[in-house]
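Participant: Below you will find the structure I want to go over with you.
The values are calculated or read from the model by the stated rules, or taken from the named source; none is laboratory data. Owing to the predicted nature of the structure, the values given are computational and were not obtained by experimental measurement. Here Cβ is always computed from backbone atoms with ideal geometry, including for glycine, and neighbour counts include all displayed protein chains. Please note that ligands, DNA and RNA were not included when accessible areas were found on the heavy atoms of the full protein model with its side chains. Shrake-Rupley method; radii C 1.70, N 1.55, O 1.52, S 1.80 Å.
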Amino acid sequence: MTGRFVLRSGRETTEYFDKYQFEADPVLLDEVGAALAPLVPAGTEVLAGLEMGGIAVVTALGRHTGLPCAFVRKKAKEYGTARLAEGADVEGRRVLVVEDVVTSGGQVVLSTQDLRALGAHVEHALCVIDREEGGAQALADVDLTLHALFRRRDLEAGRG
């Protein structure tokens with residue numbers, strides 16, 4: 001989409017990747033999950049989807065890999081289980097963080113720190129779209145390797 005948009009990072013942009021267009025379409029989401037499956041690093045034990053868009057993506061990906069999923073909140077809920085991560089246990093396991101779109105990488109970094117504090121071994125993150133606006137470097141700064149199904153340049157090349 002084109003126009004004027006403010007991103008989670010606070011940055012303004014004239015292009016917006018409306019992730020809900022593929023996350024809300026079950027056929028397309030299933031195709032995204034199938035395409036992401038070969039990018040899952042060997043040895044991954046748990047897929048951790050980040051609230052909110054990463055939840056749909058990780059569920060589709062889990063269907064194609066057979067790996068258990070954890071659903072990671074931005075903040076632990078204050079009621080019920082009071083957990084930050086629901087679903088599969090992450091403690092002591094090799095966890096892959098899954099996000100829909102990465103821009104600055106800020107939420108992936110924060111959630112990775114939270115997962116590591118819970119005892120998860122996190123070395124990789126996987127996204128559908130890398131906007132190529134510094135996210136990969138921000139993740140590298142905290143010892144994470146970013147894998148992406150699409151990068152901004154891929155989508156721009158396909159536009160022509």
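Participant: To the nearest Å, what is the center-to-center distance of the range 131-160 and the range 59-97, using C-alpha atoms only?
Facilitator: After rounding, the separation between the Cα centres reads 23 Å.
Participant: If you don't mind, another one. Expressed as a fraction of 2.2 N^0.38 Å, the rule-of-thumb size for a compact globular protein of N residues, what is the C-alpha radius of gyration of the range 1-99?
Facilitator: This ratio for the range 1-99 stands at 1.19.
Participant: For the chain, what is the accessible area per residue in Å² when the probe is 1.4 Å?
Facilitator: I get 51 Å² per residue for the chain.
Participant: To continue, here is another question. With all protein chains present, calculate the accessible area of Tyr79 using a 1.4 Å probe and round the result to the nearest 10 Å².
Facilitator: 150
Participant: On to the next question. Using a cut-off of under 12 Å, list every residue of the range 101-145 whose amide N is near the label point 7 Å from the Cα of Ala35 along the Cα-to-beta-carbon line.
Facilitator: 128-130
Participant: Another one. So how exposed is Leu36, as accessible area in Å² (1.4 Å probe, rounded to 10)?
Facilitator: Accessible surface of Leu36 is approximately 0 Å².
Participant: Could you name the aspartates and glutamates in cross-link range of Lys19, using Cα to Cα under 15 Å and dropping any fewer than eight places away on the same chain?
Facilitator: Reachable aspartates and glutamates: Asp30, Glu31, Glu51, Glu99, Asp100, Asp130.
Participant: Here's another thing I want to ask about it. If DNA, RNA and ligands are ignored and the probe is 1.4 Å, what is the ranking of Thr59, Thr44, Thr65 by accessible area, most exposed first?
Facilitator: Thr59, Thr65, Thr44
Participant: Counting only protein heavy atoms and a 1.4 Å probe, tell me what percentage of the range 89-138's accessible area is made up of carbon and sulfur.
Facilitator: Here carbon and sulfur together make up 49 percent of the probe-accessible area.
Participant: With the contact rule set at Cα under 8 Å and sequence spacing of 6 or more, what percent relative contact order holds for the range 41-81?
Facilitator: Worked out over the range 41-81, it gives 44 percent.
Participant: So what's the range 14-160 giving for Rg/Rh, alpha carbon basis, Kirkwood Rh from the mean inverse pair distance?
Facilitator: 0.95
Participant: Return a whole-number percent for the relative contact order of the chain, with Cα pairs under 8 Å and 6 or more residues apart as the contact set.
Facilitator: 18
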